[in-house]
Amino acid sequence: MFNRLEAMWYWLTTDPIGFIIYLIYFTVSLLGTLVLHEYAHAFIAYKCGDPTAKMLGRLTLNPAKHLDPLGTLSMVLLGFGWAKPVPINPRNFKNRVQDDFLVSIAGITVNFTLFIICTALMVGLNRFIWKPEVINFYGAHNLLASNSIGYSAILSGNISANKELFLNQWLPYVQRFLMMFSKFNLVIAVFNFLPIPPLDGFHIFNNILLKGKLQLNAQTYRIMNIILIFFMFSGVLGKIITLITSAIEGGVLKIFLYLTGVI
């Protein structure tokens, strides 16, 4: 966490304009990821017969209705976090276990779908961004993988400094958004898939394997929430999520490169 803060402070003091541009990308990507995640929960809950979220103003794309202060701060400091949980009353569901599962999986499904779409667009745009000789020298994978030189050059905003390498001068800015939006959506999907209360993954695990038999009271949820936050800020959870997201990113990228005949 402190290394991240130190890096951001250094960036702000040495390149304030570049840092402000990064913040714009960051904010748009963050809001889009979290809002669409929570909206998906509210929308599916409403379709399953529960109007609670709609009545409380959560069936909306307005970020102000969804953002959680601590969860948003966590996104800035740790790179992953959460929004306000969508209020749901399972008693209104037509099929309690099945509908609870559908509502729980909705946000993750939207985030993972957006990650897939963004990755596909990144692969498709790649050959229109870099000059042919650059692609031939480095290879498409080394310009798109999250640990590659090309990925770092675009994501960090060093676009004008490397303009002689680009075939197109404005597409790298589009690619930068796709990279950031893709990363956010995958991280949020993986984080929420963890089978830990109060995350979506717990409800999914409970509904699929236990048929909804494990019922936790409000006090247990609060205790588990505190434990979850502790592991988040300790850095342990971040390392686990990084390992999982890196493996998924690499695998999906290779699949799209293979499908497009690049590898």
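Can you name the residue in the range 1-42 that is among the charged types (D, E, K, R) and either part of a helix (DSSP H, G or I) or buried (at least 19 other Cβ atoms within 10 Å of the Cβ) (or both) and is also modelled with the highest pLDDT among such residues?
Here is the first cut: in the range 1-42, the ones among the charged types (D, E, K, R) are 4, 6, 15, 38.
After this cut, where a residue has to be either part of a helix (DSSP H, G or I) or buried (at least 19 other Cβ atoms within 10 Å of the Cβ) (or both) as well, the list is 4, 6, 38.
Details: Arg4: 75, Glu6: 83, Glu38: 96.
Top of the filtered list is Glu38.
Would the range 58-79 turn up any residue that is among the aliphatic types (A, V, I, L, M), under 18 Å from the mean Cα position of the chain (by Cα), surrounded by 21 or more Cβ atoms within 10 Å (Cβ to Cβ) and not in a helix (DSSP H, G or I)? Show your work before the answer.
Applying the first criterion (among the aliphatic types (A, V, I, L, M)) to the range 58-79 yields 59, 61, 64, 67, 70, 73, 75-78.
Then drop every residue that is not under 18 Å from the mean Cα position of the chain (by Cα), which leaves 61, 67, 70, 73, 75-78.
Subsequent filtering for residues that are surrounded by 21 or more Cβ atoms within 10 Å (Cβ to Cβ) retains 75.
Restricting the remaining residues to those that are not in a helix (DSSP H, G or I) gives none.
Among the residues of the range 58-79, not one is among the aliphatic types (A, V, I, L, M), under 18 Å from the mean Cα position of the chain (by Cα), surrounded by 21 or more Cβ atoms within 10 Å (Cβ to Cβ) and not in a helix (DSSP H, G or I), which makes the answer no.
I'm checking my understanding of the structure. Among residues of the range 80-99 that are among the polar types (S, T, N, Q) and part of a helix (DSSP H, G or I), which one is modelled with the lowest pLDDT?
Our first condition is that a residue be among the polar types (S, T, N, Q); within the range 80-99, this holds for 89, 92, 95, 98.
Filter again for part of a helix (DSSP H, G or I), leaving 92, 98.
On the way: Asn92: 96, Gln98: 90.
Out of the qualifying residues, it is Gln98.
Are any residues in the range 155-172 buried (at least 16 other Cβ atoms within 10 Å of the Cβ) and more than 11 Å from Trp130 (Cα to Cα), and if so, which ones?
Listed by number, the residues that qualify are Leu155, Gly157, Ile159.
In the range 198-232, what residues are assigned to a loop (DSSP other than H, G, I, E, B) and at pLDDT 85 or above?
The initial filter retains those residues of the range 198-232 that are assigned to a loop (DSSP other than H, G, I, E, B), namely 198-199, 210-217.
Listed by number, the list holds a single entry, Leu199.
Which of the residues that make up the range 233-263 are polar (S, T, N, Q) and assigned to a helix (DSSP H, G or I)? So that I can check it myself, show each step before the final result.
Step one: of the range 233-263, the residues polar (S, T, N, Q) are 234, 242, 245-246, 260.
Answer for the range 233-263, where residues must be polar (S, T, N, Q) and assigned to a helix (DSSP H, G or I): Ser234, Thr242, Thr245, Ser246.
Among (1) touching a residue at least 60 places away in the same chain (Cβ under 8 Å); (2) surrounded by 14 or more Cβ atoms within 10 Å (Cβ to Cβ); (3) within 22 Å of the chain's Cα centre (by Cα); (4) in a helix (DSSP H, G or I), where does Leu102 come up short?
Of (1) touching a residue at least 60 places away in the same chain (Cβ under 8 Å); (2) surrounded by 14 or more Cβ atoms within 10 Å (Cβ to Cβ); (3) within 22 Å of the chain's Cα centre (by Cα); (4) in a helix (DSSP H, G or I), only one is false for Leu102: (1).
If I ask for residues that are closer than 19 Å to Lys254 by Cβ and aromatic (Phe, Trp, Tyr), which ones from the range 121-178 would you list?
Scanning the range 121-178 gives Trp130, Tyr138, Tyr151.
Checking the conditions here, which among Thr260, Thr220 is of a type in the set (Ser, Thr, Tyr), over 30 Å from Phe137 (Cα atoms) and in contact (Cβ under 8 Å) with a residue 12 or more places away in the chain?
Details: Thr260 fails: over 30 Å from Phe137 (Cα atoms).
Every option except Thr220 fails the conditions.
Is it the case that some residue within the range 141-149 is buried (at least 16 other Cβ atoms within 10 Å of the Cβ), aliphatic (A, V, I, L, M) and under 18 Å from the mean Cα position of the chain (by Cα)?
Within the range 141-149 (the criterion being buried (at least 16 other Cβ atoms within 10 Å of the Cβ), aliphatic (A, V, I, L, M) and under 18 Å from the mean Cα position of the chain (by Cα)), the answer is yes, since at least one residue qualifies.
Looking for something of a type in the set (Gly, Ala, Ser), surrounded by 14 or more Cβ atoms within 10 Å (Cβ to Cβ), under 28 Å from Ile17 (Cα atoms) and without any contact (Cβ under 8 Å) to a residue 40 or more places away in the chain - is there at least one such residue anywhere in the range 121-139? Explain how you work it out, then say what you get.
As a first pass, look at the range 121-139 and keep what is of a type in the set (Gly, Ala, Ser): 124, 139.
Keeping just the survivors that are surrounded by 14 or more Cβ atoms within 10 Å (Cβ to Cβ) gives 139.
Next, from what is left, pick out any that are under 28 Å from Ile17 (Cα atoms): none.
No, because not a single residue in the range 121-139 is of a type in the set (Gly, Ala, Ser), surrounded by 14 or more Cβ atoms within 10 Å (Cβ to Cβ), under 28 Å from Ile17 (Cα atoms) and without any contact (Cβ under 8 Å) to a residue 40 or more places away in the chain.
The values are calculated or read from the model by the stated rules, or taken from the named source; none is laboratory data. Just so it is clear, the structure is predicted and the values come from calculations on it, not from any experiment. In this analysis, Cβ positions are derived from the backbone assuming ideal geometry, glycine residues included, and neighbour counts consider all displayed protein chains.
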